[in-house]
Amino acid sequence: MPDRTAQQPGWWRDAVIYQIYIRSFADADGNGVGDIAGIRSRLGYLRELGVDAIWITPWYPSPMADGGYDVVDYRAIAPEFGTLAEAEELIADAHRHGLRMLIDLVPNHTSDRHRWFQEALASPPGSPQRARYVFRTGTGPGGDTEPNDWRSTFGGSAWTRVPGEDQWYLHLFAPEQPDLNWENPEVRDEFVDVIRFWLDRGVDGFRIDVANALVKDPMFPDVGPEAPDVLEPPERVDHPHWDREGVHEIYKSWRHVIEAYGGDRVFVAEAWVPTPYRLARYVRPGELHSAFNFDLLRCPWDADRLRATIDENLDAMGEVGASPTWVLSNHDVTRHVTRYGRSLTSGHGPRTERLEPVDLELGLRRARAGALLMLALPGGAYIYQGEELGLWEVEDLPDDVLQDPTFIRSDGRIRGRDGCRVPMPWSGDAPPFGFGPDGSQPWLPQPLAWKALTAQVLREDPGSILELYRSALRIRRELPAFRDGDLAWLDGPPGALLFERDATVLCAVNVTAAPFRLPEQSEVLLASAPLVDGLLPPGTAAWLRRAA
Ligand code: ISL
């Protein structure tokens, strides 16, 4: 077995990082969207929860065509979120609370309102202003047809025509998100400068948005009939615009930039790629520090599939000396309480109109067990805001409040990602549940039933999921067995997962097995649900300690 700790020691290898979707975390000024002041007021909560770091989704000025992933100015803060001075204070505050802080870098595309894109539209074809983006001549008479068959991840063509011209521009996401031309050295220099700008302000690292998209096949060939459906990750290797070899050059150059700053600053890649072995290429020595492994999140609640996913990822990361980074939920996928509450848990989507009924009680039970599984695995983990409260996907949001471009671009066939972005319930009996000041209106309506899931209510219930996360994070911090390292599988009944992290610490998960007896002479450190007659029931996980 490869020695995973052989290279690149560092805090990120086993860190637990909390994802803040800023619009929905805490709204201090009452305008309906979360803000920096709101985050600052909740740092105590995050420290008590026991995470090591936070990652904040884009906070830059943006028309919000895609929740802020359409950036107008990479060196400023959106007025609805605060000011640059407040951002700097937040970084300092986070550090005072012992939390590292990552921010979101969006290098694949800008907003169409970005100065560069406005200049491009105002300049003629072939001009240096246009060369910052990907403009191509249309095909057919008059250039009336798209340059090729590439599809937007949000539905529809990936090309939009410039009015009155035969020129089209590329957008792998919404038309308001034109793709940058990474063949252009000016674009490369600009992002190095942006990275330095934020490192100079003290951030501990960056999450790189669609890290697998920056480089395109220069021949722009058709993708062909297997063009992926809306929001579904591609299956294919050697795709003309996903996961191309050329992206690795960029990340090697960024590694030099960040190393020069010292202080253990890191990059994490967001890259939906077909296999863990493709993902591992992003974290080879000299490239990025970590990369989200979305396989756990795509994996149904099935013991064999979970075990295979875990093994494959440990193996792939081990081959390059990197550490895996586990994720159960984020702002793009159906919350896992809901996924796990469906009999066919097909992973993270799709969010079509025809949804199977959901059993939220079952989903919560499995989500609790899933948390203990994820947090017992070797490597780092991300917690998406609200998963520690057991929030479910809000699937009955009225059409007229939906903002996700996938909803509009799929003609309503896909509900989109708003259901996992509903603002956090903090306290009180009625909306806005402490998300904003009383009387304020959150940008998406919160379910009334969330009054039972506020941080305040759960904090007072020792059996709550919030207390389970807190205990798990405390134990994980205290016991050296949970540090960066390996696992060894032990025999368990079919439908169960049983592994040890060292000779003394074990994790047992009853995925779908009959209740079973835990290994002899072991003491239960933490369980996601009570044992019944000394047996671990289905949908339950436990951490155990035994004498060495
Ligand atoms: O979510 C996916 C699969 O379910 C991916 O295809 C995802 O859309 C893609 O990896 C990019 O996501 C990121 O960039 C988007 C933004 O809308 C997402 O919120 C962000 O996480 C464009 O910037």
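The values are calculated or read from the model by the stated rules, or taken from the named source; none is laboratory data. Not measured: the values here are computed from a predicted model. Using ideal geometry, Cβ is built from the backbone for each residue, glycine included, and neighbour counts are taken over all protein chains shown. The protein model used for the area step is the full one, side chains on, heavy atoms only, and it has no ligands, DNA or RNA in it. Shrake-Rupley method; radii C 1.70, N 1.55, O 1.52, S 1.80 Å.
Summary table below
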item: From Thr540, Thr512, residue being among the hydroxyl-bearing types (Ser, Thr, Tyr), open to solvent by 50 Å² or more (accessible area, probe 1.4 Å) and under 27 Å from Pro300 (Cα atoms); result: Thr512
item: Flag for Trp443 being within 29 Å of the chain's Cα centre (by Cα), within 21 Å of Trp326 (Cα to Cα) and open to solvent by 10 Å² or more (accessible area, probe 1.4 Å); result: no
item: Checklist (1) over 29 Å from Gly380 (Cβ atoms); (2) open to solvent by less than 10 Å² (accessible area, probe 1.4 Å) applied to Ser427, failing item; result: (2)
item: Residues of the range 274-297 that turn out to be of a type in the set (A, V, I, L, M, F, W, C) and more than 15 Å from the ligand (Cβ to nearest atom), as a count; result: 3
item: Among residues of the range 471-483, those that are open to solvent by 10 Å² or more (accessible area, probe 1.4 Å), assigned to a helix (DSSP H, G or I) and within 12 Å of Val16 (Cα to Cα), counted; result: 2
item: Considering residues of the range 255-273 that are aromatic (Phe, Trp, Tyr) and either surrounded by 21 or more Cβ atoms within 10 Å (Cβ to Cβ) or in a strand (DSSP E or B) (or both) only, the residue farthest from the ligand (Cβ to nearest atom); result: Phe267
item: Residues satisfying the stated conditions in the range 486-503, i.e. touching a residue at least 40 places away in the same chain (Cβ under 8 Å) and out of contact with any helix residue (DSSP H, G or I) (no Cβ under 8 Å at 6 or more places or on another chain); result: Ala503
item: Tally, over the range 72-109, of residues that are open to solvent by less than 10 Å² (accessible area, probe 1.4 Å) and of a type in the set (S, T, N, Q); result: 1
item: Long-range neighbours under 9 Å by Cβ, at least six apart or interchain, first residue on the phi > 0 side of the Ramachandran plot within the range 412-434, second acidic (Asp, Glu) and within 16 Å of the ligand (Cβ to nearest atom); result: Gly416/Asp404
item: Hits in the range 523-548 - residues which are among the aliphatic types (A, V, I, L, M) and not in a strand (DSSP E or B); result: Ala529, Leu531, Ala547, Ala548
item: All helices (runs of 4 or more DSSP H) inside the range 13-132 with 1 or more residues being more than 18 Å from Glu388 (Cα to Cα) and at pLDDT 95 or above; result: 36-41, 84-96, 115-122
item: Number of the condition not met by Glu146 [criteria: (1) at pLDDT 95 or above; (2) within 16 Å of the ligand (Cβ to nearest atom)]; result: (2)
item: Filter result for the condition that a residue is surrounded by fewer than 24 Cβ atoms within 10 Å (Cβ to Cβ), of a type in the set (A, V, I, L, M), modelled with pLDDT of 95 or more and closer than 25 Å to His289 by Cβ, over Leu360, Leu377, Leu397, Leu364; result: Leu377
item: Which listed residue is free of Cβ contacts under 8 Å to residues at least 40 places away in the same chain, within 30 Å of Met101 (Cα to Cα) and surrounded by fewer than 16 Cβ atoms within 10 Å (Cβ to Cβ), from Asp200, Asp243; result: Asp200
item: Pair list, Cβ < 6 Å and 6+ apart or interchain, from the range 453-480 residues that are farther than 20 Å from Glu393 by Cα to residues that are basic (Lys, Arg); result: Leu468/Arg368
item: Counted residues, the range 56-70 - those being closer than 20 Å to Gly202 by Cβ and within 11 Å of the ligand (Cβ to nearest atom); result: 2
item: Which listed residue, of Asp238, Asp243, is within 12 Å of the ligand (Cβ to nearest atom) and at positive phi; result: Asp243
item: Some residue of the range 335-344 being touching a helix residue (DSSP H, G or I) at 6+ places or on another chain (Cβ under 6 Å), within 16 Å of the ligand (Cβ to nearest atom), among the charged types (D, E, K, R) and at pLDDT 95 or above; result: yes
item: Pair list, Cβ < 6 Å and 6+ apart or interchain, from the range 72-97 residues that are farther than 18 Å from Ser62 by Cα to residues that are of a type outside the set (A, V, I, L, M, F, W, C) and open to solvent by less than 60 Å² (accessible area, probe 1.4 Å); result: Ile91/Gly202
item: Selection within the range 527-548 - over 21 Å from Leu479 (Cβ atoms) and touching a helix residue (DSSP H, G or I) at 6+ places or on another chain (Cβ under 6 Å); result: Gly539
item: Of the criteria (1) at pLDDT 95 or above; (2) within 23 Å of the chain's Cα centre (by Cα); (3) among the charged types (D, E, K, R), which one Arg236 fails; result: (1)
